[in-house]
Amino acid sequence: MTISYIGYRTLQQKISVSGAEIILENIALETLEGRLREIVVATERQNQEVRRLPDVQGTYIMAGKKNEIISVADLNAHLSEKVGRQIFAKVPGVFVYDMDGSGNQLNIATRGLDPHRSWEYNVRQNGIMTNSDMYGYPASHYSVPMEAVQRVEMVRGTAALQYGAQFGGMVNYIIKEPDTTKKIGFESLSSLGSFGLFSTYNAIGGKLDKWSYHAYFQKRVSDGYRDGAASESEAQYGMLQYQVNKNITLKAELGRSTYLFRIPGPLTDSMFYENPRQATRQRSYFNPDIYLPSFTFDWKIGANTHLNFITSAVLGTRSSVQFIGFANTLDAIDPATNAYKPRQVDIDRFNSYTSELRLTHNYQIGKLKNTVSTGVRYINNNLHRRQQGQGTTGFDYNIDIISDWGRNLHYKTQNVAFFAENLLYITSKLAFIPGVRMESGITKMEGYIRYYEEDKVPLEIEHMFPLLGANVQYKINDKNRVYAGWSQAYRPVIFADVIPPTALDVTDPNLEDAFGYNAEAGINGSVWNGALHYDLGIFQIQYNNRIGSLILEDSNGDAYVFKTNVGDSRTRGVEAYAEVKPLQLLSFYPENWNLSFFTSTSYFDAEYLKGSAVVNGENRDITGNRLETVPRWMSRNGLQFWAGPFSAVLQYSYVDKSFSDALNTVQPTANGGAGIVPAYSLWDVNASVRIAQRYTVRLSVNNLTDEQYFTKRPSGYPGPGVWSSDGRSMVLTFGVKL
């Protein structure tokens, strides 16, 4: 007989038994003296393929939905400036809008949606909403540093029932967790690169008894690729968690992000091709400063019931001082005053509060375990919008005004949403997931607009709509599945749409809510013992009453931006990802060596099913026109190699041409506001080496061939026209983890 137990000396004792004899023995094990030997378990970290969320993730049901997990902490990529084409390299169909090239924001979209500040997505950090004001101004100005992110969870539009009414779906940035084996741990990443880049990220964390903590500080400065640009950003975060017992967790978090960006101004096409680095502005600035406090109560009530409650806020400001005008409107000294013209000052103050209670419960039907997820979300926002203030004539960042505001408004929103989904297994492999969401709310406007007649401005906008959806999933085996889904989506008219933001903007008084649906189907998984990972999917988005902007001219020949319902659109497409590791197909290959090839390619057929636009007093039919800012082809492809502590990736990205407006203007306008966005191809190289398991050195060469390109012609901020993306840059990063 052998008896062993951790911390005690193993006992071996011989016992003789004869016939039906019963033997009773009292046995005491001897305690081991001294310490147990330390055992170190080590493995080589490798560039990971895209993974999928489980059928149930916390209090969310993910079965039957297209989703991806991007392990950012393991990426061989340039993180300090948030190079989106590298971060989302293996997620097909992600359009990356290089708004400023400084790494201040990630502006992404999928399936032909608007990438501006990712506002077609419900953007979260650790499950906490970061959108500034969902029904006033849904942009996400909060920007987490990528060095702080462990992984990104992306769920496409059929998950809208669980997260909100958005067509896009959800993006969740998960912050790194503390090393709970230590009382205090430390990580630092510092980058030095082209165009005056210096970035530093420093974090501490650990565990003391039932308490765990994590905090970081990040700072980045850059002169920028454009001559007139400059950027300075900071981010801080603190987390304190208390484990009451094995079932109850309390967590408090506070995040902050801020940056000051000097805007170099839009270009015309002729300016871009003459010198893409030149600036048309030197007196324009943009400065968001956002705080994200939250408290989470997580309770595993029993083996089958899980309750999660989060209350959070988005607090802070976005301020700008700009000389407003098209690219061919020069910011020059006025001969009449012998000074520059006053700049326009805009200040938004966000007071957005959200509480979300979610509950999942497992129940049995026969031998099959099913899950129901339900909950309620309450939003109370007060967006204080002060705009069109007459600012100073100087060059510095100064948001003082010398006269009253052109408009001084409060958008006050109250919204309640109820949602429920049921993961119902028909067989052990086949699941059906129906869902419902009900949104009800109202936004009231208070204040004044000096240049509008009162009867032309609505004082209330109501939101009331039910959303239905259903998904189905069939598991071929443990590693492969087939999925499909359909879900309604909604994009309500908000005051940010109704009230023109600048003197260049005019809003259609008959603007209506946009609505439609997402539909998708696909197959994903891995075969050949993990040598091939794949995800092949098709989708369709129906987007009715699409809200868009047209660059038009008035009777005097002056250009303006007209916001209206441009029509009904439909986007169909294919999203394909495949990654193969050929060495794993061999019976023998060098230990800790590997090689992989990947492609992440999408094809979008996006067009207007109906619609019209008024041009020079005439109705112009846009039925059959291509959807703006939707390239037909996007493809990112890579070769990855790693051997022990060394790894490298060579990536090629291609983005097809696209139109900038619903009129499908081909010949660029004189002001650069409309025209074709040409196709472009980019090469990136990232190589890193780990030293003594604690240190990392990475060299990044971005846009290796120095391609001169731009990704979009914005109609709003930062100004209509051509915005040059960054040319070739080199960045050296040094990291240490203790």
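The values are calculated or read from the model by the stated rules, or taken from the named source; none is laboratory data. None of these values were measured; they are calculated from a predicted model. Using ideal geometry, Cβ is built from the backbone for each residue, glycine included, and neighbour counts are taken over all protein chains shown.
Going through Pro335, Pro266, Pro293, Pro276 one at a time, which residue ends up being free of Cβ contacts under 8 Å to residues at least 12 places away in the same chain and not small (Gly, Ala, Ser)? Steps first, please.
Details: Pro266 fails: free of Cβ contacts under 8 Å to residues at least 12 places away in the same chain; Pro293 fails: free of Cβ contacts under 8 Å to residues at least 12 places away in the same chain; Pro276 fails: free of Cβ contacts under 8 Å to residues at least 12 places away in the same chain.
Going through Pro335, Pro266, Pro293, Pro276 in turn, just one is free of Cβ contacts under 8 Å to residues at least 12 places away in the same chain and not small (Gly, Ala, Ser): Pro335.
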note = Residue pairs within 9 Å by beta carbon, gap of at least six or interchain, first lying in the stretch 621-633 and in a loop (DSSP other than H, G, I, E, B) and surrounded by fewer than 22 Cβ atoms within 10 Å (Cβ to Cβ), second among the basic types (Lys, Arg) and at pLDDT 95 or above, listed first then second, are Arg632/Arg626; Arg632/Lys657
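Determine, yes or no, whether Ala643 is of a type in the set (A, V, I, L, M), under 30 Å from Trp119 (Cβ atoms) and touching a strand residue (DSSP E or B) at 6+ places or on another chain (Cβ under 7 Å).
When the stated conditions are applied, Ala643 does not pass them.
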Odd one out for Val345 among (1) touching a Lys or Arg at 6+ places or on another chain (Cβ under 7 Å); (2) within 21 Å of Tyr451 (Cα to Cα) = (1)
ask   = Can you tell me which of Tyr135, Tyr163, Tyr97, Tyr173 is under 22 Å from Pro714 (Cβ atoms) and crowded, with 21+ Cβ neighbours inside 10 Å?
value = Tyr97
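Within the stretch 318-340, how many residues are touching a strand residue (DSSP E or B) at 6+ places or on another chain (Cβ under 8 Å) and surrounded by fewer than 17 Cβ atoms within 10 Å (Cβ to Cβ)?
Filtering the stretch 318-340 for residues touching a strand residue (DSSP E or B) at 6+ places or on another chain (Cβ under 8 Å) gives 318-324, 326-327, 331-334, 339-340.
Pick out the ones that are also surrounded by fewer than 17 Cβ atoms within 10 Å (Cβ to Cβ) and you get 332-334, 339.
Here the count works out to 4.
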ask   = When the stretch 447-492 is examined, which residues are found to be modelled with pLDDT of 90 or more, among the charged types (D, E, K, R) and assigned to a strand (DSSP E or B)?
value = Lys475, Arg481
request  = Select from the stretch 569-603 the residues that are assigned to a strand (DSSP E or B) and of a type in the set (Asp, Glu) and list them in ascending order.
outcome  = Glu575, Glu579
key: the stretch 656-681: number of residues that are within 24 Å of the chain's Cα centre (by Cα) and more than 22 Å from Ser270 (Cα to Cα)   = 0
Single residue of Glu21, Glu81, Glu49 found to be at pLDDT below 80 and more than 30 Å from Ala431 (Cβ to Cβ) = Glu21
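Looking at the stretch 220-245 only, could you name the residues that are outside any strand (DSSP E or B) and touching a strand residue (DSSP E or B) at 6+ places or on another chain (Cβ under 8 Å)? Walk me through how you get there before you give the answer.
Initial filter on the stretch 220-245 (outside any strand (DSSP E or B)): 223-229, 244-245.
Asp223, Gly224, Tyr225, Gly228, Ala229, Val244, listed by residue number.
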ask   = In the list Ser587, Ser596, which residue meets the criterion of being touching a residue at least 24 places away in the same chain (Cβ under 8 Å), hydroxyl-bearing (Ser, Thr, Tyr) and more than 29 Å from Gly672 (Cβ to Cβ)?
value = Ser596
key: Candidate set: the stretch 191-219, residues that are outside any strand (DSSP E or B) and free of Cβ contacts under 8 Å to residues at least 60 places away in the same chain; chosen: the one surrounded by the fewest Cβ atoms within 10 Å (Cβ to Cβ)   = Asp209
message = For the stretch 626-639, which positions are modelled with pLDDT of 95 or more and polar (S, T, N, Q)?
response = Ser635, Asn637
ask   = How do the pairs read when you match residues in the stretch 345-366 that are without any contact (Cβ under 8 Å) to a residue 24 or more places away in the chain and farther than 15 Å from Phe295 by Cβ with residues anywhere that are assigned to a strand (DSSP E or B) and polar (S, T, N, Q), using Cβ under 8 Å and keeping only pairs 6 or more apart or on different chains?
value = Gln364/Asn370
